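What follows is one structure encoded as structure tokens, with my remarks underneath.
The values are calculated or read from the model by the stated rules, or taken from the named source; none is laboratory data. Since the model is a prediction, treat every value here as computed from it, not as a measurement. We place every Cβ from the backbone using ideal geometry, glycine too, and count neighbours over all the protein chains shown. Surface accessibility is based on the protein's heavy atoms, side chains included, excluding ligands, DNA and RNA. Shrake-Rupley method; radii C 1.70, N 1.55, O 1.52, S 1.80 Å.
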Amino acid sequence: MSLRDRKKERTRRAIADAALRLFVARGFDAVTVADIAAEADVGTRTLHRYYASKDELLFAEDDDHREELAALLDERPAGESPETTLAAVIGPMVLRFADRLADARARDALIAANPALQARELAKRNAIESLVAEHLALRMGVEVGADVRPLLWAKVGMSCFFAGYQIWLNSGGDLGAHIAAARAALLAEFGRSEPAAAP
């Protein structure tokens, strides 16, 4: 990354951090774009070069997360099982969150209190799920809309991630371990379940 790019990334991060501080202190609806720009010591025009709207500041890293996940999925070897693929890509993604528990808790509380932000969060999760399903379908040589397995595995994988993430928000500790425990618990439940009777 060039010096110019590093400077831009620092500015982008500083704006997002300033926004989170103000949202926590005053509430999301009470904070204006001008307030955030002043807190980050930038002009409003500069802020808008990085973020088109106020709500984007709580989802500042979404595009980066999806790009990183896509790259990690593309690196997995052909013929790998969906479970192995999902387990392998979780570790690098966890590193983005593992040392930011306080920020994650603050962000989660703000989203939980605002229906519009909840909808944005759900859309983000759906986009990630679709990305995973499309990758798995390509590796399996099937169509997402014609074979249930890619979407099923994508939902299972993301459910394990977010279940572990929620436990981490509630109790702290090791995020990666919580996600691994969620995955192990789900597989154990699968093992104990009786096959459904045919209709």
Taking Cα atoms, how many degrees apart are the long axis of helix 62-74 and the longest axis of the chain, rounded to 10 and kept between 0 and 90?
-> 30 degrees
Would you please give the FRET efficiency between residue 166 and residue 34, computed as 1/(1 + (r/R0)^6) with r the Cβ-Cβ distance and R0 = 45 Å, to the nearest 0.05?
-> 0.85
Expressed as a percent, the accessible surface of the chain that is carbon or sulfur, using a 1.4 Å probe and the full set of protein chains, is 56 percent
Quote to one decimal, in nm, the extra length available between residue 88 and residue 129 on full extension: 0.36 nm per residue of separation minus the C-alpha distance between them.
-> 13.2 nm
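Expressed as a rounded percentage, what relative contact order does the chain have, with Cα pairs under 8 Å and six or more residues apart?
Over the chain, the number comes to 16 percent.
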For residue 124, which aspartates and glutamates qualify as cross-link partners when the Cα separation must be under 15 Å and same-chain residues fewer than eight apart are set aside?
-> 55, 56, 61, 62, 63, 64, 67, 68, 108
What is the dipole size for the range 1-97, taken about its Cα centre, with +1 at each Lys and Arg Cβ and -1 at each Asp and Glu Cβ, in debye to the nearest 20?
-> 580 debye
So how tilted is helix 148-171 from the main axis of the chain? Cα-based, degrees 0 to 90, rounded to 10.
-> 50 degrees
Between residue 48 and residue 96, what is the label-to-label distance in nm when each label sits 7 Å out along the Cα-to-Cβ direction?
-> 2.8 nm
Rank 11, 69, 98 by how far each Cα sits towards the positive end of the charge dipole of the range 6-142 (+1 on Lys, Arg Cβ; -1 on Asp, Glu Cβ) and give me just the farthest.
-> 11
Using alpha-carbon coordinates, inclination of helix 175-192 to the longest axis of the chain, degrees = 30 degrees
Can you give the calculated 222 nm mean residue ellipticity of the chain, where each DSSP H run of n ≥ 4 adds -39,500 (n - 2.57) and the sum is split over every residue, rounded to the nearest 500 deg cm²/dmol?
-> -24000 deg cm²/dmol
Work from the charge dipole of the range 21-115 (Cβ charges, +1 for Lys and Arg, -1 for Asp and Glu, about the Cα centre) and give the residue of 31, 48, 112 farthest towards its positive end.
-> 31
Relative contact order of the range 59-150: what whole-number percent is it, with Cα pairs under 8 angstrom and at least 6 residues apart?
-> 31 percent
Determine the per residue accessible area of the chain with all protein chains present and a 1.4 angstrom probe, expressed in square angstrom.
-> 57 Å²
Plugging the Cβ-Cβ distance of residue 120 and residue 75 into 1/(1 + (r/R0)^6) at R0 = 35 Å yields, to the nearest 0.05, a FRET efficiency of 0.75
